[in-house]
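The next block holds one structure in the form of structure tokens; read it before the comments.
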Amino acid sequence: MNDNQYQHINPEPLLEAMGGDAAACRHMFGTFAQSAPATFGRLEDAIKADDAQQVKREAHSLKSMTALVGAGPLTDMLKAIEQQSRAEPPQSAQPQLPELKKLFAAVAGEVRHYVEQVGVPH
């Protein structure tokens, strides 16, 4: 796999941690593809509803998922939102939602591509 194939994810650390088992890595990425959109939706709703506990919970959960797929910038943004929700009203994160949505969509798209393409001869 070309190390520069993806701009928003980095599957290599997980693949390496799994001893090069591409099928296991693909399974983990598939789990992200199935679970992360709902978690993101709950986070967005919690921000809009100004629900600090839910923002912390969903941001923390999604942060773990994005770290697993090597989505560093998105993971950092989620960490900041999680921390911000402890000190400020969650709605203060609303200005970040457009960028958060854009970044999440890019990560989710690359994860889907990885799941579809891994193990396919190039």
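Within segment 4-29, the set of residues being part of a helix (DSSP H, G or I) and either in contact with a Cys (Cβ under 7 Å, 6 or more places away or on another chain) or under 17 Å from Phe104 (Cβ atoms) (or both) comprises Leu14, Leu15, Phe29. Within segment 29-59, track down each residue that is without any contact (Cβ under 8 Å) to a residue 24 or more places away in the chain, surrounded by 15 or more Cβ atoms within 10 Å (Cβ to Cβ) and charged (D, E, K, R). Listed by number, the residues that qualify are Arg42, Arg57, Glu58. Criterion applied to Ala80, Ala33 was being under 20 Å from His8 (Cα atoms) and in contact with a helix residue (DSSP H, G or I) (Cβ under 7 Å, 6 or more places away or on another chain), and the one residue passing it is Ala33.
Scanning segment 32-53 for residues that are among the polar types (S, T, N, Q), out of contact with any Asp or Glu (no Cβ under 8 Å at 6 or more places or on another chain) and at pLDDT 95 or above gives Gln34, Ser35.
The requirement of being acidic (Asp, Glu), surrounded by 16 or more Cβ atoms within 10 Å (Cβ to Cβ), touching an Asp or Glu at 6+ places or on another chain (Cβ under 9 Å) and part of a helix (DSSP H, G or I) is not satisfied by Glu110. If we scan segment 84-104, do we find a residue that is more than 14 Å from His8 (Cα to Cα) and outside any helix (DSSP H, G or I)? The answer is yes, given that some residue of segment 84-104 is more than 14 Å from His8 (Cα to Cα) and outside any helix (DSSP H, G or I).
Looking at segment 5-28, can you tell me whether even one residue there is without any contact (Cβ under 8 Å) to a residue 40 or more places away in the chain, surrounded by fewer than 18 Cβ atoms within 10 Å (Cβ to Cβ) and more than 30 Å from Gln117 (Cα to Cα)?
No, because not a single residue in segment 5-28 is without any contact (Cβ under 8 Å) to a residue 40 or more places away in the chain, surrounded by fewer than 18 Cβ atoms within 10 Å (Cβ to Cβ) and more than 30 Å from Gln117 (Cα to Cα).
Scanning segment 60-83 for residues that are surrounded by 18 or more Cβ atoms within 10 Å (Cβ to Cβ) and not hydroxyl-bearing (Ser, Thr, Tyr) gives Leu62, Lys63, Met65, Leu68, Val69, Gly70, Ala71, Leu74, Met77, Leu78, Ile81, Glu82.
The values are calculated or read from the model by the stated rules, or taken from the named source; none is laboratory data. These numbers come from a predicted model, not from an experiment. Quick reminder, even Gly has a Cβ in these numbers, built from the backbone with ideal geometry, and neighbours come from all protein chains shown.
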